[in-house]
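Novice: Below you will find the structure I want to go over with you.
The values are calculated or read from the model by the stated rules, or taken from the named source; none is laboratory data. Since the model is a prediction, treat every value here as computed from it, not as a measurement. Cβ atoms come from the backbone with ideal geometry, glycine included; neighbour counts cover every protein chain shown.
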Amino acid sequence: MPTITVKIPAPMTVDASTLDMEARVLRRPHCQPSHIEKNRHLEPMQRKDTWLAGAVGIVLYIFLPISAQGQGYTPYLRGAEHTGALQLEVLKEAPDTLRYALVAHAASLNFDSKKKRLYNTVERARKLHLNVVKIFSPEHGFTGSFSAGEHVEDEAVDGVKIPMVSLYGSHKKPTAEDLADVDAVLFDLQDVGVRFYTYISTLTYVMEACAEFNKPLIVLDRPNPFANVVDGPVLDTAFTSFVGLHPVPVLYGMTMGEYAQMVKGEGWIRGADSLQLHVIPCVDYHREPVSFPDEAPPSPNLPNAHAIALYPSLCFFEATPVSVGRGTDAPFEWLGAPWMDSTGFSFVPMPNTGATSPKFQGETCQGWDLRETPIHPEQGLQLTYLHDVYHAYADQGWDSLPAFFTSFMDKLAGGTSLEDALLAGHTVQEIQASWQPGLEAFMQIRSRYLLYHVMPIPAPAKGPPSAAPAKKTKKPTKKGAQ
């Protein structure tokens, strides 16, 4: 079969002239608004041409934009320095007899600026003498060591002598028995801001239970690593599942506290009007993207900020005959399959803590190492990956090949439109443009529940430059150098 060369334009280029300063919406030059709201001035971004070779004998040249902070993207904040749990002292004003349940996990970390160390919200609550009588854990368990979809029993964690109850599997929603000895529920999960990441579904079920059993819910808010990015197809409610319960896009650009207010305000749960919802807001947060401590990532297969930035773009491959690197040292940073021709890079998925039964276990997958691929949350959903690999597969015309998409695709995409568009041969730009009516409608809903504003862009200094000579600055000492 002859080799075909396919050249794809850059997924997104950024220029200061495309920034609508009033609406703070960044517009993709090649389609309708992508609804990536910005909180910093954007310099024209340079582009680096990066090529990836060889899926099933087809050479793919993918031109990817540089994501370095110096190229116009907002620098990452350290998320643990801005959590709502840093203001947990406000609960000391409540009666000492209140019994709390805490929805948390190992990634519920906060940074103590005085002692210069990280601590979990469980520890924080105990030091404040809050009477936490029960801990609820999400998918992956409290320790974050269980693989996606793995059944989690109630856990016992060293050093934590509080009963733990799993909210996963057949027990996703707290029962009357679970809440019988509880006066209020605290919610503090570190989410990643992507619709099919299940922590917002856990939030929804906890909200329903609190409304049903008349328990106040207090959300300890945390920054969203995708900050203001709103992108991707909006979920069709005919396709609701645990990886998508509400009509929101793949990237919805809200914190957990904001999301909870939207779910209640829009009446998306039973008993929404009766729910006693409170949000302890983030500290000094202005909708910047954040990174998380390496000590405890949000889940085992999203170990770093780079993998998280790739996650909304690569997760669709979970419904295809392509591995996203589960069962390797670089989940959501390696991409490949046994049926691909040699690309110069290969990996072999094997069982590990985060993937007990990975796709293509023990098989050599040809593909790509994306660890050096520049990516930033503000680039949004990069559909080019899925589009190109699908067409590399489909263009072979082999009758013996199984269907590229499984039924799980409809749940991840929130409907059939994305798969239908790819099967019909639509371009990336055409597909992105088709999302815009849904995104416009969602943006109107979303705007009613935002708690945080972007940092104002400082105006440039006016007047003639000073005639005084510039002051000499001291060179940083070795101790102070970064």
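Novice: All but one of (1) buried (at least 21 other Cβ atoms within 10 Å of the Cβ); (2) in contact with a Pro (Cβ under 6 Å, 6 or more places away or on another chain); (3) in a loop (DSSP other than H, G, I, E, B) hold for PRO303; state the number of the condition that does not hold.
Specialist: Of everything listed in (1) buried (at least 21 other Cβ atoms within 10 Å of the Cβ); (2) in contact with a Pro (Cβ under 6 Å, 6 or more places away or on another chain); (3) in a loop (DSSP other than H, G, I, E, B), PRO303 misses just condition (1).
To keep it simple, each residue is scored yes or no on (1) in contact with a Ser or Thr (Cβ under 6 Å, 6 or more places away or on another chain); (2) within 22 Å of ARG195 (Cβ to Cβ); (3) in a helix (DSSP H, G or I).
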| position | (1), (2), (3) |
| --- | --- |
| PRO358 | no, no, no |
| GLU363 | no, no, no |
| ARG371 | no, no, no |
| GLU378 | no, yes, yes |
| ALA392 | no, no, yes |
| GLN396 | no, no, no |
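Novice: I'd like to check which strands (runs of 3 or more DSSP E) are fully inside the stretch 53-132 and have at least 1 residues that are in contact with a Gly (Cβ under 9 Å, 6 or more places away or on another chain), closer than 28 Å to GLY380 by Cα and modelled with pLDDT under 90.
Specialist: 58-65
Novice: Still on this structure: Pairs needed: first member in the stretch 302-328, closer than 17 Å to HIS391 by Cα; second member anywhere, charged (D, E, K, R) and in a loop (DSSP other than H, G, I, E, B); C-beta distance under 7 Å; at least 6 residues apart or different chains.
Specialist: What qualifies is SER323/LYS359.
Novice: Just the residues that are crowded, with 17+ Cβ neighbours inside 10 Å and among the hydrophobic types (A, V, I, L, M, F, W, C), please, taken from the stretch 108-129.
Specialist: Hits for the stretch 108-129 are LEU109, PHE111, VAL122, ALA125.
Novice: Kindly list the number of the only condition in (1) within 25 Å of SER407 (Cα to Cα); (2) modelled with pLDDT of 95 or more that fails for MET256.
Specialist: Among (1) within 25 Å of SER407 (Cα to Cα); (2) modelled with pLDDT of 95 or more, MET256 violates only (1).
Novice: Name the residue, out of PHE213, PHE239, PHE187, PHE226, that is surrounded by fewer than 22 Cβ atoms within 10 Å (Cβ to Cβ) and either under 30 Å from HIS306 (Cα atoms) or among the hydroxyl-bearing types (Ser, Thr, Tyr) (or both).
Specialist: Selected residue: PHE239, the only one of PHE213, PHE239, PHE187, PHE226 that is surrounded by fewer than 22 Cβ atoms within 10 Å (Cβ to Cβ) and either under 30 Å from HIS306 (Cα atoms) or among the hydroxyl-bearing types (Ser, Thr, Tyr) (or both).
Novice: While we're on this one: For the stretch 369-380, does any single residue satisfy the condition of being among the β-branched types (Val, Ile, Thr) and either surrounded by fewer than 16 Cβ atoms within 10 Å (Cβ to Cβ) or closer than 18 Å to ILE431 by Cα (or both)?
Specialist: Checking the stretch 369-380: not a single residue is among the β-branched types (Val, Ile, Thr) and either surrounded by fewer than 16 Cβ atoms within 10 Å (Cβ to Cβ) or closer than 18 Å to ILE431 by Cα (or both).
Novice: One residue is enough: does the stretch 300-312 have a residue meeting the conditions under 15 Å from the mean Cα position of the chain (by Cα) and under 28 Å from VAL132 (Cα atoms)?
Specialist: yes
Novice: Still on this structure, I have one more. Looking only at residues that are without any contact (Cβ under 8 Å) to a residue 60 or more places away in the chain and more than 13 Å from the chain's Cα centre (by Cα) in the stretch 190-210, which one is surrounded by the fewest Cβ atoms within 10 Å (Cβ to Cβ)?
Specialist: Looking at residues that are without any contact (Cβ under 8 Å) to a residue 60 or more places away in the chain and more than 13 Å from the chain's Cα centre (by Cα), I get TYR205.
Novice: How many residues does the stretch 420-447 hold that are under 22 Å from the mean Cα position of the chain (by Cα) and not hydroxyl-bearing (Ser, Thr, Tyr)?
Specialist: The total comes to 14.
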